[in-house]
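Below: one structure, written as structure tokens.
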Amino acid sequence: LSFAQSSRSLKDEEYASAKNRGFSLEEVPVALDGIALYINPRLVDQGVKGLTLAQARDIFTGKIRNWQAVGGPNLAITPFSRNLQSGGTVDFFNENVMEKQPLGANVQEVRDTTESIRKVATTPGGISYATTSEVINQQLIRLIAIAKEDGQKFVSPCADSTCASINEKAFADSSYPITRRLFIIIKRDGKGDEQAGVAYTNMLLS
């Protein structure tokens, strides 16, 4: 690759691997992003107003298995997730929400966000997560508000009740708890790859 886009920071072993191959890597932040949790729409009508980070973690580790435990109906929770090795979003979710705990045995693996949306939409107790830009304005699911801790205000990833646009203010001031930076990874080799990465980064930041 000449350069890369990444939805997580580089890891120490990746810096080391590049060094062993005779070049260095630089990550340049180019955007802010938030990860949204979304549920089957009927759950909103049945009392699910939002989740704390701890509740989200307990759902995806299998500790909480019924919606009744978080203010919803007496209904089994069916979490969906991509494989934890399949990309930056799931890697970030695993580190920052799951705190590197393994997914529960009740979590069903999906291939991608499209499949996840379809599964959540057709599963009464369904829940999943994705980068907000991929699930905003989707009529088949409902994005839910998140609170960092018990007793704190739930903050929605949506700008308003129609959820047609992203809550940019909450992402920018980090009041929405699951935000991150997106990066361009530049290959500092003094050659064409580096020039291409720098030019692409500058275009995004223009």
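The values are calculated or read from the model by the stated rules, or taken from the named source; none is laboratory data. Just so it is clear, the model here is predicted, and its values are computed rather than measured. Cβ sites come from the backbone with ideal geometry, for glycine too, and all protein chains shown count toward neighbours. When the accessible area is computed, the model is the full protein with side chains, heavy atoms only, and any ligands, DNA or RNA have been set aside. Shrake-Rupley method; radii C 1.70, N 1.55, O 1.52, S 1.80 Å.
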Exercise. If you find the alpha carbon centre of the stretch 139-154 and of the stretch 1-76, how far apart are they in angstrom?
Worked result: 14
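What does the net charge come to around residue 87 if you take all other residues with beta carbon closer than 11 Å to its beta carbon, with K and R at +1 and D and E at -1?
Working: positive: 8, 82; negative: 91, 112.
For residues surrounding residue 87, the net value is 0.
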Exercise. Kirkwood hydrodynamic radius (Cα pairs, Å) of the stretch 138-206?
Worked result: 14.9
Exercise. For the stretch 132-206, which trypsin sites (Lys or Arg not before Pro) are in a loop by DSSP, counting at most 13 other Cβ atoms within 10 Å?
Worked result: 153, 191
Seminar exercise, completed: Expressed in angstrom and ordered largest first, the alpha-carbon extents of the chain along the principal axes are 60, 35, 32
Seminar exercise, completed: The simple spin-label model distance between residue 111 and residue 205, using points 7 Å out along Cα→Cβ, in nm, is 3.8
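Add -39500 (n - 2.57) for each DSSP H run of 4 or more in the chain, then divide by its residues: what number comes out at 222 nm, to the nearest 500 deg cm²/dmol?
Mean residue ellipticity, 222 nm, calculated: -8500 deg cm²/dmol.
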For this session: With 5 Å bins from zero, work out the P(r) of the stretch 1-112 over every alpha carbon pair and list the percent per bin.
Result: 2, 9, 18, 19, 16, 12, 9, 6, 4, 3, 1, 0
Exercise. Nearest 20 debye, what's the magnitude of the dipole of the stretch 1-141 about its Cα centre given +1 on Lys and Arg Cβ and -1 on Asp and Glu Cβ?
Worked result: 440
Exercise. Where nothing but the Cβ of Lys and Arg (+1) and of Asp and Glu (-1) is charged, how large is the charge dipole of the stretch 88-160 around its Cα centre, in debye to the nearest 20?
Worked result: 220
Seminar exercise, completed: The local net charge around residue 67, scoring Lys/Arg +1 and Asp/Glu -1 for residues other than residue 67 whose Cβ lies under 15 Å from its Cβ, equals +3
Exercise. Using θ = phi - 60° and the Karplus curve 6.51 cos²θ - 1.76 cosθ + 1.60, what whole-Hz ³J(HN,Hα) does each residue of the stretch 140-157 get, with Gly and Pro shown as x?
Worked result: 7, 10, 10, 6, 10, 6, 10, 10, 5, 9, 4, x, 8, 5, 6, 10, 8, x
Exercise. Of 19/187; 100/187; 49/100; 11/153; 19/100; 119/169, which ones are farther than 22 Å apart at the Cα?
Worked result: 100/187; 49/100; 11/153; 19/100; 119/169
For this session: Give the relative contact order (percent, whole number) for the chain; include only Cα pairs under 8 Å separated by 6+ residues.
Result: 36
Exercise. When all protein chains stay in place, what accessible area (Å², nearest 10, 1.4 Å probe) is found for residue 140?
Worked result: 100
Exercise. Given +1 on the Cβ of Lys and Arg, -1 on the Cβ of Asp and Glu, and no further charges, what dipole in debye does the stretch 100-206 carry about its Cα centre, rounded to the nearest 20?
Worked result: 100
Problem set entry | Charge-dipole axis of the stretch 39-195 as Lys and Arg at +1 and Asp and Glu at -1 on Cβ define it, positive-most pick from 163, 127, 178 | 127
Seminar exercise, completed: The relative contact order of the stretch 38-125, taking Cα pairs under 8 Å that sit 6 or more residues apart, comes to a percentage of 38
